[in-house]
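Some notes on the structure that comes next.
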Amino acid sequence: MILIKLGGSIITNKNKPLTPNRNSIRKIATNLKNVNEPLVIIHGGGSFGHYWSVKYDMHTKPQRHEAKGVSYVKNSMVELNNIVLKSFLESDLRPYCLPPSDFMTSDKPLIKKVKEIPKIAKTGLTPISYGDVMWFGKNKFYILSGDRIMGILSKILRPRLAIFVTNVDGVYSDMKSKRLLSEITEEKPITSEVSMDVTGGMARKIKEAFNISKNGTDVFFVNGNVPKRIINAINDKSFEGTVFRG
Ligand code: IP8
């Protein structure tokens, strides 16, 4: 089974509130059609979920929040998820909507439910989950990042591969020289550059990627503007991007 995170940077236009990047979604979906292995997809919030989370000051820490803010974030993610689902269906895939509340309670995974996900994927359906605003309990809500979902699912399911798709080529040594790191073997602090991202942008992804690779799964960072690179990563062919070896 392969776990793929479609970052908000590739499926939406992060500079324009509530704007999907339909072309990218479609191109990625068409390419994924050629994969003959069960896939589980997670997508991020981009200019949908993050736009409202910033507006209503909502973060990954569980807190009491204005009900209106919770509604706006939640609705925007359902809307974005629907755009992704439709695009996958139109690309002749069999998407299966999987809100994170289906396999998480508060901030903990429901192990039994998580273990059913690959079984769904093996029927030919493609489960699609997403970062979301979650009920924590005690009148509190929190933002669950799609990157965190990647970490949670990987730990329980041990996929063959975990792939993070963004709109850049991989992990850069620094934002100035933009030298691409083809392989990362040790954890180092990365300063995040994205201001509108309430879940921590690239730094959060790298942290999750490390933890996933420590459990034995190879983790790839690839540019979704060239969807062939996702397929090459899956088929172990001339890979372009950054790898964290498991
Ligand atoms: O973009 C966050 O998911 P991410 C989702 O994967 C929301 O961090 C609701 C902001």
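Values for this structure:
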{"item": "Tally of residues being open to solvent by less than 40 Å² (accessible area, probe 1.4 Å), small (Gly, Ala, Ser) and closer than 15 Å to ILE149 by Cβ across the stretch 88-114", "result": "1"}
{"item": "Test set (1) farther than 19 Å from ILE28 by Cα; (2) in contact (Cβ under 8 Å) with a residue 12 or more places away in the chain - LYS119 fails condition number", "result": "(2)"}
{"item": "Output for the stretch 194-237, where each listed residue is within 17 Å of GLU37 (Cβ to Cβ) and touching a residue at least 40 places away in the same chain (Cβ under 8 Å)", "result": "THR217, ASP218, VAL219, PHE220, VAL222, PRO227, LYS228, ILE230, ILE231, ALA233, ILE234"}
{"item": "Selection status of SER129, part of a strand (DSSP E or B), touching a residue at least 40 places away in the same chain (Cβ under 8 Å) and among the hydroxyl-bearing types (Ser, Thr, Tyr)", "result": "yes"}
{"item": "Qualifying residue in the stretch 31-46 (condition: under 21 Å from SER106 (Cα atoms), open to solvent by 60 Å² or more (accessible area, probe 1.4 Å) and in contact with a strand residue (DSSP E or B) (Cβ under 7 Å, 6 or more places away or on another chain))", "result": "no"}
{"item": "In the stretch 1-47, residue farthest from the ligand (Cβ to nearest atom) [restricted to those that are touching a Gly at 6+ places or on another chain (Cβ under 6 Å) and charged (D, E, K, R)]", "result": "LYS14"}
{"item": "Selected residue (criterion: nearest to the ligand (Cβ to nearest atom)) from residues of the stretch 162-182 that are surrounded by fewer than 19 Cβ atoms within 10 Å (Cβ to Cβ) and of a type in the set (A, V, I, L, M, F, W, C)", "result": "MET175"}
{"item": "Pair list, Cβ < 6 Å and 6+ apart or interchain, from the stretch 48-76 residues that are more than 9 Å from the ligand (Cβ to nearest atom) to residues that are of a type in the set (A, V, I, L, M, F, W, C) and assigned to a helix (DSSP H, G or I)", "result": "TYR72/TRP52"}
{"item": "Counted residues, the stretch 204-220 - those being in contact with a strand residue (DSSP E or B) (Cβ under 6 Å, 6 or more places away or on another chain) and either modelled with pLDDT under 90 or not in a loop (DSSP other than H, G, I, E, B) (or both)", "result": "7"}
{"item": "Test result for LEU85, surrounded by 13 or more Cβ atoms within 10 Å (Cβ to Cβ), in a helix (DSSP H, G or I) and away from the ligand (no atom under 12 Å from the Cβ)", "result": "yes"}
{"item": "Candidate set: the stretch 115-140, residues that are within 16 Å of the ligand (Cβ to nearest atom) and more than 20 Å from the chain's Cα centre (by Cα); chosen: the one surrounded by the fewest Cβ atoms within 10 Å (Cβ to Cβ)", "result": "LYS140"}
{"item": "Scan of the stretch 141-176 for residues that are under 14 Å from the mean Cα position of the chain (by Cα), of a type outside the set (A, V, I, L, M, F, W, C) and closer than 16 Å to GLY45 by Cβ, ordered by number", "result": "SER145, GLY146, ASP147, ARG148, THR166, ASN167"}
{"item": "Single residue of LYS27, LYS68, LYS16 found to be of a type outside the set (Phe, Trp, Tyr), more than 18 Å from the chain's Cα centre (by Cα) and outside any loop (DSSP other than H, G, I, E, B)", "result": "LYS68"}
{"item": "Test: residue in the stretch 52-62 that is farther than 17 Å from VAL198 by Cα, assigned to a helix (DSSP H, G or I) and hydrophobic (A, V, I, L, M, F, W, C)", "result": "no"}
{"item": "Cβ-Cβ under 8 Å pairs, at least 6 apart or on other chains, the stretch 136-152 side within 15 Å of GLY201 (Cβ to Cβ), far side acidic (Asp, Glu)", "result": "ILE143/ASP132; ASP147/GLU208; ARG148/GLU208; MET150/GLU208"}
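The values are calculated or read from the model by the stated rules, or taken from the named source; none is laboratory data. Since the model is a prediction, treat every value here as computed from it, not as a measurement. Ideal geometry is used to build each Cβ from the backbone, glycine not excepted, and the neighbour counts take in all protein chains shown. All accessible areas refer to the heavy atoms of the entire protein, side chains included, with ligands and DNA or RNA removed. Shrake-Rupley method; radii C 1.70, N 1.55, O 1.52, S 1.80 Å.
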